[in-house]
1. Going by what's in this entry, would Thr173 be described as under 28 Å from Gly69 (Cβ atoms), hydroxyl-bearing (Ser, Thr, Tyr) and under 14 Å from the mean Cα position of the chain (by Cα)?
2. Looking only at segment 108-143, how many residues end up being in a loop (DSSP other than H, G, I, E, B), open to solvent by 30 Å² or more (accessible area, probe 1.4 Å) and modelled with pLDDT under 95?
3. Residues Thr93, Thr48: which one is under 30 Å from Ser123 (Cα atoms), surrounded by fewer than 24 Cβ atoms within 10 Å (Cβ to Cβ) and either modelled with pLDDT under 95 or not basic (Lys, Arg) (or both)?
Amino acid sequence: MTNAPPPIEQKPGFGHRLSDFLLERLPVWLAKLAAPGLRCEPGVVVKTPSRLRLGRNVVLQRRATLHCGGKDWCAWGGGIELADGVVIGTNCTLYGAGTIRIGAYSHLGPGAMIMAQAGDVTSRNRLTSRPGHVNEPVTIGQGVWIGAGAVILGNTTLGDNCVVGPNSVVSGTYDEGTTLIGNPARAVQRRTRD
């Protein structure tokens, strides 16, 4: 995986914003020109595509939504990086204002969500149309399987070969080979490689 783009400290120029505006309206399958082996099914939505980094043979299944940050409400930061062979399942949602990195050959089941941002409940702007946000990174290792409907919250790190059960809600740092289930998720098993 390559390094994610650094957070932008200031508002991007008009040309950069215009480019993102136009890219968001093009069919996502055009990204195949820049990402070898990309399989992008109908209905995929990518917001701020300039902040999306794709490895080889990535699969984006029907109606997946990838919001890569890079907007004023997240201080122009964030980004999503998908390494080689990552599969984003049907109806998955990735909010990458706090930066999301997913390692090679990891799979997200249908309807899984990765939320690298959340509303700031302590914000004075909470009861306005522009509430504050908390942006925290999510890092997922190689060979991780995330079950259908699972939610991965900001400031979470999953080591290589972790398994997350369906409908689990995960927050925190977990070692390689950990199996997590429940809401809130708890470790029920740790597998080691032979």
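The values are calculated or read from the model by the stated rules, or taken from the named source; none is laboratory data. The shown structure was predicted, so the numbers you read here are calculated from the model rather than taken from an experiment. No Cβ is skipped: glycine too gets one built from the backbone with ideal geometry, and neighbour counts run over all protein chains shown. In case anyone asks, the SASA skips ligands and DNA or RNA and just uses the protein heavy atoms, side chains included. Shrake-Rupley method; radii C 1.70, N 1.55, O 1.52, S 1.80 Å.
1. For Thr173, the condition - under 28 Å from Gly69 (Cβ atoms), hydroxyl-bearing (Ser, Thr, Tyr) and under 14 Å from the mean Cα position of the chain (by Cα) - is not met.
2. Number of matching residues: 13.
3. Result: Thr93 is the single residue among Thr93, Thr48 that is under 30 Å from Ser123 (Cα atoms), surrounded by fewer than 24 Cβ atoms within 10 Å (Cβ to Cβ) and either modelled with pLDDT under 95 or not basic (Lys, Arg) (or both).
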